[in-house]
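Taken together, the values in this text are just the output of simple stated rules run on the coordinates, not laboratory data. Treat the numbers as computed from the prediction; the structure is a model and nothing was measured. No Cβ is skipped: glycine too gets one built from the backbone with ideal geometry, and neighbour counts run over all protein chains shown.
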Amino acid sequence: MSLTALFIDLAVRLQSPEFLDSARHPEHPTAFTRRRKLPLPSLVALMLSGMRMSIQAELDTFFGHLAGRAQLLRTVSEQAFAQARAKLSLTAIPLLNDWLVARAEQHGFVPRWRSLRLVAADASTVRFGLRTSCLARAALPDQILFGLFLPGAELMLATSLHGIEECGERQMLVQHLDRLSSDDLLLLDRGYPACWLVALLNERAISFCMRVEKAGDGGFACVRAFLRSGLDEQVVTLNAPSRRDAADYEFNRAPQQVRLVRHVAPNGKVRVLMTNLFDTGRFPASAFGDLYHKRWRIEEAFKRLKHRLNLEHVSGLSQQAVVQDVAAKIMCDNLQTLAALTAHDQADLRAVDRINHAYAHTALKPAMPALLLGRQIARNLRDVLKLLGKHTYLHRENQSKPRKPRPKSHKFMAQKPC
């Protein structure tokens, strides 16, 4: 794994004509052509550094670190930042994240589970700390963040923001299915199972493993019968989806065969997992319990984004600013993950030791301006990775810490770290 080579490629990418063309907002076709104090590479590098403080504090810190100074440096005003980010395309950073994940796969950061790439899908409610504004395209304070996550690599593959009443999580998943292939294994929670979704995934040759048992008389009748049977696994046939669903999602309407697997959790709770992996030699029933548990990593990723990177503290009031901030913090988290993985390998740690991901943000932030703009990448990375290798914690298997249900309040826009 070569993190240095990856950062070198990223720095070259940020300053390439191809990235410049894709980064311009459609309403500003001549943007980023003049020489300014905040050019496009610096603008994107600033956003990818993980902005959590006020805009002016982040700007002064960024240029202070870039100049190699211990003190803050006033070079660009927050008004100039607002003008520059208004000319940045909504797809610029997501496309850059796609490029990063593809390069991470080439450099061996994404492992396989029995030759399949694991992809977890889920959604989380986000409550942005926004104040009242009169903007024509003001952001909504409550939105849904949907994500595709790579549990083995701890990388967010793709995300999208949706209104609370816009569509359900299944529809959000359908909008991202083009990112998956027959080499992927999709991990889904209990909110996703449906006959039409199973048929659509089978039509596209996408492997899946989803939890399907529900309390009482809910869910599939064949799943309830399977629970009563006491069997460890069984192949059953689901009813054919409705004609309307088959027409809407463009798949052949037919009954679907699936495999049901019983799994007993450490706390004694019985789960039923549904999959289209029928090869019992390659995919034994005993492997599905640990497999499904890997889906929980996307829940941890949402928690990390919200609490460590202050995802809900945004730097603007418009929907464009919110989308840009979310995409930037997701890519920032991906970069921190790659650094933590490399530090773990280089430090030769025990299997039970984990790099403190929260400390990764603190250690990387001062070095991010130089790393992203191609200045002394090897030396800066070497120092950061040594620091990360010294900050670990002991990972204990099968530990359970149930969350206490409580109402979630809006964060105030002014309540940010100093």
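A few points about this structure:
- Segment 8-45 and segment 151-216: distance between their alpha carbon centers, rounded to Å: 34 Å
- Checked against a 25 Å cut-off, the cross-linked pairs LYS87/LYS303; LYS294/LYS329; LYS365/LYS404; LYS37/LYS386; LYS37/LYS303 give Cα-Cα distances beyond that limit for LYS87/LYS303; LYS365/LYS404; LYS37/LYS386; LYS37/LYS303.
- Averaging the sequence gap over all C-alpha pairs within less than 8 Å and six or more residues apart, then dividing by the number of residues, gives segment 288-418 a relative contact order of 23 percent.
- When each of MET172, MET53, MET47 is scored by the number of other beta-carbon atoms lying within 10 Å, the sequence from fewest to most is MET53, MET172, MET47.
- Taking other C-beta atoms within 10 angstrom as a stand-in for reagent exposure, SER133, SER409 fall in the order SER409, SER133, fewest first.
- Protection proxy ranking of 225-231, 259-265, 303-309 - average other beta-carbon atoms within 10 Å, highest first: 259-265, 303-309, 225-231
- Given the alternatives (i) 1.01; (ii) 0.96; (iii) 1.05, Cα Rg over 2.2 N^0.38 Å as computed for this entry is given by (iii).
- Dipole magnitude for segment 190-284: computed about the Cα centre from +1 point charges on Lys and Arg Cβ and -1 point charges on Asp and Glu Cβ, it is near 260 debye.
- Residues whose placed amide H lies under 5 Å from that of LYS87, excluding near-sequence neighbours: none
- Low-density loop positions, trypsin sites (Lys or Arg not before Pro), segment 33-70 - DSSP coil, at most 14 other Cβ in 10 Å: ARG34, ARG35, ARG36, LYS37, ARG69
- Rounded to the nearest Hz, the phi-derived 3J(HN,Hα) couplings of segment 93-98 under the Karplus curve 6.51 cos²θ - 1.76 cosθ + 1.60 (θ = phi - 60°) are 6, x, 5, 5, 5, 4, where x marks glycine and proline.
- Built amide H within the under 5 Å cut-off of ASP122, gap 5+: GLY147
- Amide H contacts of LEU185 (H built 1.01 Å from N, under 5 Å, at least 5 apart or other chain): ARG117, LEU118, VAL119
- Integer Hz, Karplus 6.51/-1.76/1.60 couplings in order for segment 149-165, x for Gly and Pro: 10, 9, x, x, 9, 6, 10, 7, 6, 6, 9, 7, 9, 9, x, 4, 9
- Projecting the Cα positions of ASN239, THR280, HIS162 onto the charge dipole of the chain (unit charges on Cβ atoms of Lys, Arg, Asp and Glu, taken about the Cα centre) puts HIS162 furthest along the positive direction.
- Taking segment 190-284 and dividing mean pair separation by its residue count, relative contact order in percent (alpha carbons under 8 Å, at least six apart): 32 percent
- DSSP beta bridge pairing in the chain, given as percent antiparallel to the nearest 5: 80 percent
- Over all other residues within a Cβ to Cβ distance under 12 Å of SER22, the charged ones net out to -1, with Lys and Arg as +1 and Asp and Glu as -1.
- Sites listed here are GluC sites (Glu not before Pro) in segment 1-101 whose DSSP assignment is loop and whose Cβ has at most 11 other Cβ atoms within 10 Å: GLU27.
- Ordering of 203-212, 245-254 by packing [mean C-beta count within 10 Å, highest first]: 203-212, 245-254
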